[in-house]
Amino acid sequence: MAIGKKFLKKTVRVRPKTGIAAAPLIDDFYKLKFYFHYELEVKEISSVVKPWIKATFSKEEAKSILANPEYHFTMHPHFATCIYWSQRPDSEFPEPYKKWFGVCKAYYADLIEIGNAILIEKAGNTEETTSNVVKLNPYQRTINKINDTVMQDLLDLEDKWIDGDNKATIDLYQQFKLHGLTGSSADHVRKVIDQWIEEYTDAYSGSCEQATEAYKHITKPALKARIKTCEAMLVDLDKIKNAAKATRKARIKKPQAADKQVSKLSYCKEDNEFKIVSVIPAIIVGAMRLYVFNVKTRELTEYISESVNGFEVKGTSLQNFGGGSRKVRLRKPDEFLSIVQSKTPRQIDNEWQKLTTKTSEPNGRINKDCVLLRVSAS
């Protein structure tokens, strides 16, 4: 008996994940950090930080911390990145970020006392219906962030010098990366270091009586060591600014958002005959290797990007794939597809060489019969 059309199950298209929902698709810490800095809205940064605060601190401490102005939970995407990364199974931090927990927790722990004062003020002024919290502009937020992070590092360095550790140094380039500071912060820090160099140089040469008197308890070799460290920090600041310029230039050429690129892409979401399912198409954008299987023609295609920025998608076609890309018709798809899904590219290539059917060049077109089998970053 034929089934009426109105009883047929309609296919519901799944919208590509965006925002924080797309974060689990990113398997590289630095790419995740870039994503948190430039792709997420501030409210999504807050949605990562606040639950972690509630889980990390006691109920009363969390209440005090969360009483602080909202910008404390949205202006540090590097903290949110580390929090999100730590909640993944078997997550491992790159070397500069291994001490993130102490830095992150200390920052929010410092907000407890401020939050207590805010709660007391609110409790004693119940008739007040409007908040007196002053909204900071972007420049003020940046200055606060600098003062709370790298400036504290410099003060710690100065304390070590005062305690007699004249060999103590600091890698400002790594500290800027650790705290998520951009090149625009370098000039503010440079003023402090320039002042140090001027004072130490005047004391070392004896050209300024005040500086000589102020630093008479420090030996000339120690002053020379401090000057050398400060000069190295200025070099780091120059490198930070140059890196920022390079990043800004790259961002100008930033391609269209991944979800928009794949919005018109037609592909096979799942095939029951071969029991394979497509990956989410949005993660193709920026990837370096893609395996596609056509369930109708039984052709397996391996695309390799020729661009350092990875693949792009335009309409129904894949862009930026190179001459190393290839396709082949499979006589025993079930056996080879399992290899593609589980083996490394080198192992797949070894098995590919054993195939007797002819290998040819693909055209980049993806249609409704194509399963997006696997995506790789290398």
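The values are calculated or read from the model by the stated rules, or taken from the named source; none is laboratory data. Given the structure is predicted, the values throughout are model-derived calculations rather than measurements. Don't worry about glycine lacking a Cβ; one is built from the backbone with ideal geometry, like all the others, and counts go over all protein chains shown.
Do we find that LYS224 is over 30 Å from SER317 (Cα atoms) and either β-branched (Val, Ile, Thr) or at pLDDT 90 or above (or both) in this structure?
Values: over 30 Å from SER317 (Cα atoms): yes; either β-branched (Val, Ile, Thr) or at pLDDT 90 or above (or both): yes.
Here the answer is yes, as LYS224 does meet what is asked.
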(message) Out of everything in segment 259-313 that is under 13 Å from GLY364 (Cα atoms) and of a type in the set (S, T, N, Q), what residue ends up being surrounded by the most Cβ atoms within 10 Å (Cβ to Cβ)?
(response) THR301
(message) List the residue pairs whose Cβ atoms are under 9 Å apart, where the first residue sits in segment 64-90 and is over 16 Å from ASP28 (Cβ atoms) and modelled with pLDDT under 80, the second is of a type in the set (Gly, Ala, Ser) and surrounded by fewer than 20 Cβ atoms within 10 Å (Cβ to Cβ), and the two are 6 or more positions apart or on different chains.
(response) THR74/SER46
(message) So, in segment 356-378, how many residues would count as being in a strand (DSSP E or B) and over 12 Å from LEU300 (Cα atoms)?
(response) 3
(request) Please state which of the following conditions THR229 fails to meet, knowing it meets all the rest: (1) β-branched (Val, Ile, Thr); (2) under 28 Å from ASP148 (Cα atoms); (3) modelled with pLDDT under 90. (result) (3)
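What residue, among those in segment 337-355 that are free of Cβ contacts under 8 Å to residues at least 12 places away in the same chain and not in a helix (DSSP H, G or I), is nearest to ASP28 (Cα to Cα)?
Filtering segment 337-355 down to residues free of Cβ contacts under 8 Å to residues at least 12 places away in the same chain leaves 338, 342-344, 346-347, 349-350, 353-354.
If we keep only those that are not in a helix (DSSP H, G or I) too, we end up with 343-344, 354.
Values: LYS343: 20, THR344: 18, LYS354: 33 Å.
Only one residue tops the list, namely THR344.
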(request) Give the number of residues within segment 324-336 that are in a loop (DSSP other than H, G, I, E, B), surrounded by fewer than 18 Cβ atoms within 10 Å (Cβ to Cβ) and touching a residue at least 24 places away in the same chain (Cβ under 8 Å). (result) 1
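Across segment 279-299, what is the number of residues that are of a type in the set (Ser, Thr, Tyr) and within 15 Å of SER376 (Cβ to Cβ)? Lay out the reasoning, then the answer.
First pass over segment 279-299, keeping only residues of a type in the set (Ser, Thr, Tyr): 291, 297.
Still in the running and within 15 Å of SER376 (Cβ to Cβ): 291.
Counting residues in segment 279-299 that are of a type in the set (Ser, Thr, Tyr) and within 15 Å of SER376 (Cβ to Cβ) gives 1.
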(request) List every residue pair whose Cβ atoms sit under 8 Å apart, with the two residues 6 or more apart in sequence or on different chains, where the first one lies in segment 179-195 and is touching a residue at least 12 places away in the same chain (Cβ under 8 Å) and the second, anywhere, is outside any helix (DSSP H, G or I) and buried (at least 16 other Cβ atoms within 10 Å of the Cβ). (result) HIS179/THR149; GLY180/HIS76; LEU181/THR149
